[in-house]
Amino acid sequence: MELGWLEDFLALRELGSFTAAAERRNISQSAFSRRIQSLEDWLGVTLIDRSVRPHRFTPVATENYGDFQRTLNQLYELRSQLRGEQTRSSRLTVAIQHSLAFSIFPRFVEILRQQGYQPAYHLNCANRAECVEMAIRGEVDLMICYELSPSIEPIGSTTAMRVASAQDDMILVGPAALAPDEGQAMPLLTYPQRSFFGEVIWQEVMPRLIQRYRCETICVNSLSSALREMLLAGLGFAWLPRSLVLDDLERRRIVQIDETTLIHPMGVAIYACPQDSHALTPSVLDHLRSVDLQALIDRRGAER
């Protein structure tokens, strides 16, 4: 079976015409028809009802159209992944919290590239608890996550080694137009109390905020990136990692409320998880240790 046959069928399904589909695929209509028949022969099913004019799709073709599209996408994704792994020195599987995937991971990859280390990456974005579980089960080579304190001890129950650490801050930010005076209402975009960031916010800094403003919760969401989008849309204020909104602050798209008391420091760490990992050679560990994680958080030059 040729992947081109699937592309032919999808073009026909989209355009609804053998003539138009053949033209898009840059082949003659007769050759196009033969390719559709070849796909039918390989599948062992009829996709086109040729007993009527104009031809129409059979129920099996219509009902499984989405599966054809997904299968083609998955095959091309697999091909791209295999080619990438073949041309690169190794592959790193990474568990990372969602917000860090947005704020620091692209520059982390760039720093390693500048050092001459260019692996293929498999990124698993998850909440912190899920990242730790992946590390404990030995499913990842690296874990990049927040910690409750910049000085917290490394995670237990694993062979994970902390190779870099830094500090980020949870800060209260939002649209300048909505900034309230003390005692006034503040529209709030916040985290579920039982989420990782939610526990920190509700235990540490939310009590201070409630004493100063009448907080009105507009939305609850566990993803910092989603809260950021709502904030930029002018819906309210949220505690977000400084690294996630640093560009927004510098461009004055948002403002920070109280830079001294409504702030909570957080640790950020990179862990190498060498259990059953062939990717973490001594030279790779040296590359990882050479990355200045604090510089990545602060958006400065990131090599020591």
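Does A238 satisfy the condition of being assigned by TED's automatic domain parsing to the domain that holds E139, touching a Leu at 6+ places or on another chain (Cβ under 7 Å) and hydrophobic (A, V, I, L, M, F, W, C)?
no
Test R70 against the stated conditions and say whether it is at pLDDT 90 or above, exposed (fewer than 14 other Cβ atoms within 10 Å of the Cβ) and either outside the structural domain of S290 (by TED's automatic domain parsing) or in a helix (DSSP H, G or I) (or both).
So R70 passes the test.
Has the range 203-215 got any residue that is part of a strand (DSSP E or B) and free of Cβ contacts under 8 Å to residues at least 40 places away in the same chain?
The answer is yes, given that some residue of the range 203-215 is part of a strand (DSSP E or B) and free of Cβ contacts under 8 Å to residues at least 40 places away in the same chain.
Take the range 1-59 and flag every residue that is farther than 22 Å from Y76 by Cα and among the acidic types (D, E).
Of everything in the range 1-59, those that are farther than 22 Å from Y76 by Cα and among the acidic types (D, E) turn out to be E23, D41, D49.
Residue check, G234 against (1) closer than 23 Å to P106 by Cα; (2) not in a helix (DSSP H, G or I), all met but one. Which one?
Exception for G234: condition (1).
Take the residues in the range 237-262 that are part of a strand (DSSP E or B) and farther than 15 Å from S103 by Cβ, then tell me which one is nearest to the chain's Cα centre (by Cα).
So the residue we want is F237.
How do the pairs read when you match residues in the range 18-37 that are in the same structural domain as T58 (by TED's automatic domain parsing) with residues anywhere that are surrounded by 15 or more Cβ atoms within 10 Å (Cβ to Cβ) and among the β-branched types (V, I, T), using Cβ under 7 Å and keeping only pairs 6 or more apart or on different chains?
From the range 18-37, the pairs are I36/I48.
Restricting to the range 31-55, what's the tally of residues that are surrounded by fewer than 11 Cβ atoms within 10 Å (Cβ to Cβ) and not charged (D, E, K, R)?
Going through the range 31-55 one residue at a time, the tally reaches 4.
The values are calculated or read from the model by the stated rules, or taken from the named source; none is laboratory data. Note that the coordinates shown come from a computational prediction; the quantities given were computed from them, not determined experimentally. Ideal geometry is used to build each Cβ from the backbone, glycine not excepted, and the neighbour counts take in all protein chains shown.
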